[in-house]
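Here the structure comes first, spelled out in structure tokens, and everything after it is commentary.
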Amino acid sequence: MTPRLRMTGIRKSYGSTAALRGVDLELRPGEVHAIVGENGAGKSTLMKVLSGAEQPDSGTMEFDGARFRPPGPHAARDRGVAMIYQELAICPDLTVEANVTLGQECSGYGFLAAATNCERVAAALAQLGHAEIRPDAPVSSLNPAGRQVVEIARALLSDVKVLVLDEPTSALAQSDAKRLFELIKSLKAKGVTVVYISHFLEELEAVADRFTVLRDGLAVGSGRVGEVPRERIVEMMVGRAVTEQYPRTPHAIGAPVLGLTEVCGKEMPNGVSLALRSGEILGVAGIVGSGRTELLRAVYGLDPVRAGVVKVGVYSSERATPADRIGQGIGMVSEDRKEEGLALELSIRDNVALSRLGDGATFGFLSRSRLRSALSEVLTRFGVKFRDADQAVGELSGGNQQKVAIARLFHQRADVLLLDEPTKGVDVGSKADIYQQIGEAAASGKAVLIVSSYLPELFGVCDTLAVMCRGKLSAVRPVSEWTPEQVIAVATGSA
Amino acid sequence: MSTSPPVPHAKPFSLPTGPWVGFIAVLVLFTALIAIKGELGTFLSLGNLRVLLHEGTVPAIVALGMLLVLISGGIDLSVGATVALVTVVTMRVYTAMYAASGPSPTNSLVAVAAGVSIGGVCGLANGLLVTKLQLPPFVATLGMLGVSRGVATWLAGRTVLPFKDGGTPEWVNTVASSQTEFTNPGLWSLVLLAILTAVLLRLTVFGRHLYAVGSNEATARLCGVNVTRTKLLVYTLAGLLTGWAGVIMFAHSNSGNPTLGEQLELDVITAVVIGGASLSGGKGTVVGAMLGVLILILIKNGVSLFNVPVEMQYILIGALLIANVSLNRWRQGKVS
């Protein structure tokens, strides 16, 4: 079979760092091809080259046997190669129709052909099985899944032949992810080649036909999904055998440090009670939108607590600001690293020190040297790879950024760690480092509350587990008393 | 469990939007206050309406350009200085032609063309600074504000340039008079330009791209919108509109005056924002912007009629701006 698209010897460097060191990739018509690899392995760069957003330093591409070298994303789209980015590319002030047709509007003498555009969009949405989305609805009224559909419809409108999806499920709830998989299968049936980038190996098994593993800018292996065991794929990604995905540090559970009694937030959570003890790692499972994030925000004082009591150590209060909570020894890592978790333009040092600047200051004046020495210890412990602490945190890879976000809590000397999706968009190696630090934190007597959508992680790391569904929290039970099937049943309200 | 549907329920009815609420509030307030004083007749008189429209013409035309720029996510602080520069250039060209060839309709045509073009050039310069030098629009146009004002003052020789005695062309008198405002060509040019701007925004590909660039520039670029060209064009268009406003101003003031239009930019931005546009781009309509200008002029006029101290005017306008934007925010918060 002739390949739809062939990339040969693609190289790309940024300054002195080589992102791609001669990658070969072959995509067949009507296949779902998964690209896996740690963060920084070159997946994004390779896909940017494919979709015209970046120009390769050397190497060739062939599309249906003809030379292919798009000077920009628009040129690539004209040839039928479109990419859906992880951070969805949407104009929030425009309607669905305007977003889908953007840059490819039907027009005559500069005037929009409104009726034709609406028909095209409605047809594309119907083809995707989402006829319920009205073309004239403002796109800001859609949820992330709906916005993703809008983007895929945009690609469909330009007669897409190769569709690149960059971690498409990272913003979706489980049921939406399932619908996405069905959509991918229907695209595949139409002969569209789908390139699927993901950290979740389970997803590859659910949706992909073949896979290619990237590591350090090279394609280190490929094969048919199902023929290669998962452990072998992980080995290829990491470049070493991962004996234990979830390193555990032995730790003992002590006295309660955080107690919630019938806590209610604005809409969610809705009457949540739990007791978190020192040295305990408590996992909260549930689907996106079940109120897990809202629970953490209410406890941390970011959202108001409408009713109920939050007891932190000796403090018991109804109203508290995040500053109060920090003073009481609570630290939180947001699930939204770019918007909330980190100030990307500030230095690594400032980001880590932000919640406890007081120690590095005398009468309000900061002492750089004192901050530096306090921080280097935390950063080394986490194995953050950085040039120097004055570097903007936005220059780091996703995994290293997340380590910085979590390291802040350690610098802050928080006793209770609230971690919202602590390994979202993080590569396998960094994940292991983060698990290691969580385990050691528990061993040193800290209490950890982890919200995660990734079940294996919760089962691998936590001592106890509870499941959230529609703002309510199930009973907290030891992990050994749960099975993944039970968790999913409770999370989806079918238990 | 099923997740929330991607589309929310359709709104059963829609409340009047920000600018209308503000407009009605100001109107009711003034009518009430003035009625108490027994001066309602004066306020609502035809003569007063003429004055309102007359005074509103220049800021309204500038507001059309500002609206386009704000929708694209930019800002133009140089409009007041550009208006002054246009009056000076128009007068300089007119008097030079008049001196060379005596009275002739060509003098006016060339002078007006020069005035509008200089506005366009200022706009193009803003656009080039924003796109080629990648300056933030605030900085680029703040710089152009200084340059334009300085050039205007230099060209005018630090004085106000009048028409040589008897040399005032007829059309200037016509445009300057508010007595026949309903047939004033200046006012009708505003109506025409407002309609054209609304058509541009609603029905053309360029208008669509303007909203897209203001809403999310990265997405617009990704979708193949020529962002650089769109921005260059929008600043140039705004400059041309400001140029035309400058020509009207030239007629209104009967002179080339480098001190005209001071703080016009702030008035106009206030009006357009009261009219529902956002400084972060992607939002705004012609109807809203025109209502915003009307509210602003109404307050100014009403305050002077009502014989309240002028400082009340500033306080009212400021309070209205804040109240209006807060109202919009609050309402958006309720929707989402």
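The values are calculated or read from the model by the stated rules, or taken from the named source; none is laboratory data. Keep in mind that what you see is a predicted model, and the values were worked out from it rather than measured. Counting neighbours? That spans all protein chains shown, and the Cβs are built from the backbone with ideal geometry, glycine included.
Listed here are the residues, each with its yes/no results for (1) within 21 Å of A:Val299 (Cα to Cα); (2) in contact with an Asp or Glu (Cβ under 9 Å, 6 or more places away or on another chain).
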| position | (1), (2) |
| --- | --- |
| A:Ser444 | no, no |
| A:Val451 | yes, yes |
| A:Phe459 | no, no |
| A:Cys469 | yes, no |
| A:Ser480 | no, no |
| A:Val487 | no, no |
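Take the residues in the range A:141-162 that are more than 21 Å from A:Ser175 (Cα to Cα) and within 11 Å of chain B (Cβ to nearest Cβ), then tell me which one is surrounded by the most Cβ atoms within 10 Å (Cβ to Cβ).
Taking the range A:141-162 and keeping what is more than 21 Å from A:Ser175 (Cα to Cα), we get A:154-162.
Those still in the list that are within 11 Å of chain B (Cβ to nearest Cβ) too: A:154-155, A:157-158.
Numbers: A:Arg154: 26, A:Ala155: 24, A:Leu157: 20, A:Ser158: 20.
For the range A:141-162, the residue satisfying everything is A:Arg154.
When B:Leu128 is evaluated against the numbered criteria (1) without any contact (Cβ under 8 Å) to a residue 60 or more places away in the chain; (2) out of contact with any helix residue (DSSP H, G or I) (no Cβ under 6 Å at 6 or more places or on another chain), which criterion, by number, is the only one it fails?
Tallying (1) without any contact (Cβ under 8 Å) to a residue 60 or more places away in the chain; (2) out of contact with any helix residue (DSSP H, G or I) (no Cβ under 6 Å at 6 or more places or on another chain), B:Leu128 fails exactly one: (1).
Condition (residue is acidic (Asp, Glu), within 21 Å of B:Thr219 (Cα to Cα) and at pLDDT 90 or above) applied to the range A:121-138: is it met by at least one residue?
yes
Within the range A:309-330, identify whether any single residue is touching an Asp or Glu at 6+ places or on another chain (Cβ under 9 Å) and closer than 28 Å to A:Gly399 by Cβ, and answer yes or no.
yes
Give the residue, chosen from A:Gly59, A:Gly52, A:Gly65, A:Gly80, that is buried (at least 17 other Cβ atoms within 10 Å of the Cβ) and more than 23 Å from A:Gln148 (Cβ to Cβ).
The conditions single out A:Gly59.
I'm checking my understanding of the structure. Among residues of the range A:127-140 that are in a loop (DSSP other than H, G, I, E, B) and facing chain B (nearest Cβ under 9 Å), which one is farthest from A:Asp176 (Cα to Cα)?
First, pick out the residues of the range A:127-140 that are in a loop (DSSP other than H, G, I, E, B): A:128-137.
Retained after the next criterion (residues that are facing chain B (nearest Cβ under 9 Å)): A:130, A:132-134, A:137.
Values: A:His130: 12, A:Glu132: 15, A:Ile133: 15, A:Arg134: 18, A:Ala137: 20 Å.
The qualifying residue farthest from A:Asp176 (Cα to Cα) is A:Ala137.
Which one of these is at negative phi and either in contact with a Pro (Cβ under 7 Å, 6 or more places away or on another chain) or more than 10 Å from chain B (Cβ to nearest Cβ) (or both): A:Ala124, A:Ala114?
Numbers: A:Ala114 fails: either in contact with a Pro (Cβ under 7 Å, 6 or more places away or on another chain) or more than 10 Å from chain B (Cβ to nearest Cβ) (or both).
Only one candidate qualifies: A:Ala124.
So B:Gly276 passes all but one of these: (1) in contact with a Lys or Arg (Cβ under 9 Å, 6 or more places away or on another chain); (2) touching a residue at least 60 places away in the same chain (Cβ under 8 Å); (3) at negative phi. Which condition number does it fail?
(3)
From A:Leu88, A:Leu94, grab the single residue that is at the interface with chain B (Cβ under 9 Å from one of its Cβ atoms) and buried (at least 22 other Cβ atoms within 10 Å of the Cβ). Step through it out loud before you land on a result.
Values: A:Leu88 fails: buried (at least 22 other Cβ atoms within 10 Å of the Cβ).
Unique residue meeting the criteria: A:Leu94.
Considering only residues that are among the small types (Gly, Ala, Ser) and more than 7 Å from chain A (Cβ to nearest Cβ), look in the range B:199-218 and name the one that is farthest from A:Glu87 (Cα to Cα).
The selected residue is B:Gly207.
Working carefully through the options A:Leu180, A:Leu172, A:Leu187, A:Leu258, find the one that is part of a strand (DSSP E or B), touching a Leu at 6+ places or on another chain (Cβ under 8 Å) and either without any contact (Cβ under 8 Å) to a residue 24 or more places away in the chain or surrounded by 17 or more Cβ atoms within 10 Å (Cβ to Cβ) (or both).
A:Leu258
Just name the residue that is nearest to A:Arg381 (Cα to Cα) out of those in the range A:440-490 that are among the charged types (D, E, K, R) and away from chain B (no Cβ under 14 Å).
Looking at residues that are among the charged types (D, E, K, R) and away from chain B (no Cβ under 14 Å), I get A:Glu440.
Quick one: how many residues across the range A:46-104 are assigned to a helix (DSSP H, G or I), closer than 18 Å to A:Ile35 by Cβ and among the β-branched types (Val, Ile, Thr)?
So the answer is 1.
Here is a yes/no grid of residues against (1) out of contact with any Pro (no Cβ under 9 Å at 6 or more places or on another chain); (2) at pLDDT 90 or above:
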site: A:Pro29; (1), (2): no, yes
site: A:Gly59; (1), (2): yes, yes
site: A:His74; (1), (2): yes, no
site: A:Val81; (1), (2): no, yes
site: A:Gln86; (1), (2): no, no
site: A:Cys91; (1), (2): yes, yes
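Do we find that B:Thr259 is part of a loop (DSSP other than H, G, I, E, B) and either among the hydroxyl-bearing types (Ser, Thr, Tyr) or under 13 Å from the mean Cα position of the chain (by Cα) (or both) in this structure?
When the stated conditions are applied, B:Thr259 passes them.
Just need a number here: residues in the range A:280-291 that are farther than 21 Å from A:Ala442 by Cα and either more than 14 Å from chain B (Cβ to nearest Cβ) or in contact with a helix residue (DSSP H, G or I) (Cβ under 9 Å, 6 or more places away or on another chain) (or both).
Summing the residues that are farther than 21 Å from A:Ala442 by Cα and either more than 14 Å from chain B (Cβ to nearest Cβ) or in contact with a helix residue (DSSP H, G or I) (Cβ under 9 Å, 6 or more places away or on another chain) (or both) in the range A:280-291 gives 4.
Name every residue in the range A:451-465 that is under 18 Å from A:Glu481 (Cα atoms) and β-branched (Val, Ile, Thr), in order of residue number.
Correct list: A:Val461, A:Thr464.
For the range A:92-128, give me the residue count where each residue is in contact (Cβ under 8 Å) with a residue 40 or more places away in the chain, closer than 24 Å to A:Leu50 by Cβ and not polar (S, T, N, Q).
3
Just checking, which of A:Val225, A:Val234, A:Val220 is among the hydrophobic types (A, V, I, L, M, F, W, C) and crowded, with 18+ Cβ neighbours inside 10 Å?
Matching residue, one of A:Val225, A:Val234, A:Val220: A:Val225.
Quick check on B:Thr242: is it within 12 Å of chain A (Cβ to nearest Cβ), assigned to a helix (DSSP H, G or I) and polar (S, T, N, Q)? If you could, list the steps in order and put the result at the bottom.
Details: within 12 Å of chain A (Cβ to nearest Cβ): no; assigned to a helix (DSSP H, G or I): yes; polar (S, T, N, Q): yes.
Criteria not met by B:Thr242.
Looking at the range B:286-293, is at least one residue under 23 Å from B:Thr180 (Cβ atoms) and under 13 Å from the mean Cα position of the chain (by Cα)?
yes
Does the range A:55-77 hold any residues that are farther than 20 Å from B:Ala212 by Cα and either among the aliphatic types (A, V, I, L, M) or within 14 Å of chain B (Cβ to nearest Cβ) (or both), and which are they?
A:Met61, A:Ala66, A:Pro70, A:Pro71, A:Ala76
When the range A:338-391 is examined, which residues are found to be assigned to a loop (DSSP other than H, G, I, E, B) and closer than 14 Å to A:His411 by Cβ? Explain how you work it out, then say what you get.
At the first step, the residues of the range A:338-391 found to be assigned to a loop (DSSP other than H, G, I, E, B) are A:342-346, A:363-364, A:367, A:383-391.
Result: A:Leu342, A:Val384, A:Ala389.
For the range B:44-72, which positions are modelled with pLDDT under 95 and among the hydroxyl-bearing types (Ser, Thr, Tyr)?
Answer for the range B:44-72, where residues must be modelled with pLDDT under 95 and among the hydroxyl-bearing types (Ser, Thr, Tyr): just B:Ser45.
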